[in-house]
1. At a threshold of 8 angstrom on Cα-Cα distance, excluding pairs fewer than six apart, so keeping six or more, what relative contact order does segment 327-558 reach in percent?
2. If amide hydrogens are placed 1.01 Å from N in the peptide plane, which non-local residues have theirs closer than 5 Å to the one on D518?
3. What Rg and what Dmax come out for segment 559-683 when only alpha-carbon atoms are used, in angstroms?
4. By count of other Cβ within 10 Å, fewest leading, how are I129, I13 ordered?
5. Could you put L565, L145, L588 in order, starting from the residue whose Cβ has the fewest other Cβ atoms within 10 Å?
6. In the chain, once you exclude exposed chymotrypsin sites (Phe, Trp or Tyr not before Pro) (DSSP loop, at most 14 other Cβ within 10 angstrom), what's the longest stretch remaining?
7. Tell me, what HN-Hα J-couplings in whole Hz come from the Karplus equation 6.51 cos²θ - 1.76 cosθ + 1.60 at θ = phi - 60° for each residue of segment 397-403, using x for Gly and Pro?
8. Treating only the Cβ atoms of Lys and Arg (+1) and Asp and Glu (-1) as charged, compute the dipole magnitude of segment 559-683 about its Cα centre; round to the nearest 20 debye.
Amino acid sequence: MYIAAAGSPAQTIVWVNDAFVRRTGFTAEEIVGQAPGRLLGPDTHPELIDRFRAAIADGQPWAETLRTVAADGTPSWTRVSIAPVQGDQDGITHWFYVLVDVTDLEERHREQLAEVERERRERTSIGIISRISDILMDLDDPSSLGEVAGVLGRSVVRWAGFYLEDDDGLRPADGTDTPPYRVGRRHAAVVEVGAAAQDAAASPCTQAVDPVHELLTGERTQPVDLDLAAPAASTASGWLADQVRRAVTRLPEAPSGVVVLPVPGRRRVLGVLVVVPSDGTDAAAIDSAVGTVLQLTTRRVGLAVDNARLYEREHRVAETLQRSMLPEQADVDGLDVWSYYAPSSAHAQVGGDWFDVLEIDADVVGVVIGDVVGHDIEAAASMGQLRSVVRTYAFEVRTPGLVLERVDQLVAGMRIPRPAALVLMTLTRTDDTWRLAYSRAGHLPGLLVRDGRVTELDEAGGRLIGISVGPRTTSEVPLAPGDVLVLYTDGLIERRDRALREGLAALREAAEGVTATDAAGIGEDLLARLADDPEDDVAVVVVRIPDPAVDGSVARSPRSRRWRLPSEPAAAGRARHAVVRTCQAWGLTCGPSAELVVSELVANAVLHGWGHVLLRLDDTEDGLRIEVEDANPAPPVTTDGHRGRVGGFGMQIVERLADWGWRPAGTGKVVWAKIRAGEGTDV
């Protein structure tokens, strides 16, 4: 303890005890006459000094824990308590100081506070990472990365943004989706000088240090600082700096630099995460806790992007495999055949449903529909194997039951990993009509619609394909003109909110109410009533025995038709035939014009497009709308013919006969034409 004299502009120490000397190392001669502030450490907060002076001025006792220094400069925590000493008549004459060394207690207290803060920050970090993991659970969310950046920007940094790399360079990314071709920008393709662009190969700037490029190639693995003002044309760093400058303009104070972290994938770096630290503009301004959050975030984002792209690639392979094995729209002499397939939206166009129409010979036609368990590449591959086996045996053996027996034997030997259900039917031409034979392997029964009455073809049932081998049965039914066969997979009728039996009853009711007189109309009517919200893949095949007595009559049926055509020259002929039959069924008089227009549109799709050709017809009450879809995104062009060769006038014909246009559709386009009712064919 010590005593300081009052009454002067600054207190002075007038007495110290022996304990003070031992504690501080100052002798009495060294400290007497000095101000009490001589004991304070240099980092004492000015606010504490102000409160000390206020207590002195008010003559009030005061106590506080302060940082003090001994004579040899050793710091310590000291509890300083002061009290005024009153004189007889002159008021306060001295101040009495008591100093207690609380270094051990204060350090333990501060360690506890630091531990509490560490635990708080760890809980906060865990909460942030948990929130980010929840966001990345939905790989289909187009704004998932934008949400992750928002979480980081609200919690650990001022701003954050993701930039992913594709075949064309870096691009801003809001989601984990696989980028389509040529939507990014190759950051090393051009050197920008003002508004002009020069060839990067001729510029010495291309040899500049490019830390972002080194992150993307894996040459660097730690975060790098990016100066937003430094020129770096024709580099990934220059391109990214330009993009970030535009993105951070909304911040209250635009930063001069950012920190860039790599987003690692399984085999390579997929992109970068750019952040503006809460304090400062470089990596040194990011403490270890925030750095850990950012590192864990980039790893999780990298894994999510990798998974999304892997799933997309697998899906495309499976879809291509499946689509390649589905038959084109069948055109069978003596029969009206319509088919339809649509994948469940929940399974992104990959499933095991399939169908086939086999022209075994001039008088025998086979129809098969089936469902392989699963919605992945293995299901699509199993479907392809099974389709090939059934097709091969159906051409050798005409009895459906015997065909399925052979299929059982071969499938057992091939060890196809997925069981399957199917129905195989053969239609054999007789003198004046057809005769049906069929066998079922665990599949839902087909329907026979005759004169508005529905009969389930539920005989000749048996086990699933791939379960075991053994004999199978065949049932036969004579068919009459006007009879309709409906084959379908369970996706048409199965719903979570109703039993399968109820779905089958709904299908029977819908089939009984069909008024269309063509297979396409019957199929469209069934889809309109039953397939509005399917929960699984849907495959439907409708076969109608022509009836000259009623064919060509106008029936009240859905005014919409669709066909899937092969990308080959014969598709134009099939399309013309489909349009003529549809116009007859609908009683439209624009058939000749529609025939010419659809021929030109389908021919263009075959000649200039690729993939399958989709044809759709719709009755618009005042005419006919024709839509033709192919996988080429380039729009059609009206020309004055091809120099030196025949052709080139197709779209001029379309322009004379119809209003037409086009629109993007998926990765391709749809070309549409609308023909007014009653318009002629004068071209």
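Only the coordinates and a few stated rules stand behind these numbers; no lab work does. Treat the numbers as computed from the prediction; the structure is a model and nothing was measured. Cβ coordinates were reconstructed from backbone atoms using ideal geometry, including for glycine residues, and neighbour counts include every protein chain displayed.
1. RCO, segment 327-558: 24 percent.
2. none
3. Over segment 559-683's Cα set, Rg and Dmax evaluate to 13.6, 43 Å.
4. Starting with the residue having the fewest Cβ neighbours, the order is I129, I13.
5. Going from least to most buried by this count: L588, L565, L145.
6. 182-609
7. Result, ordered by residue: 10, 8, 8, x, x, 5, 4 Hz.
8. Dipole magnitude for segment 559-683 comes out near 340 debye.
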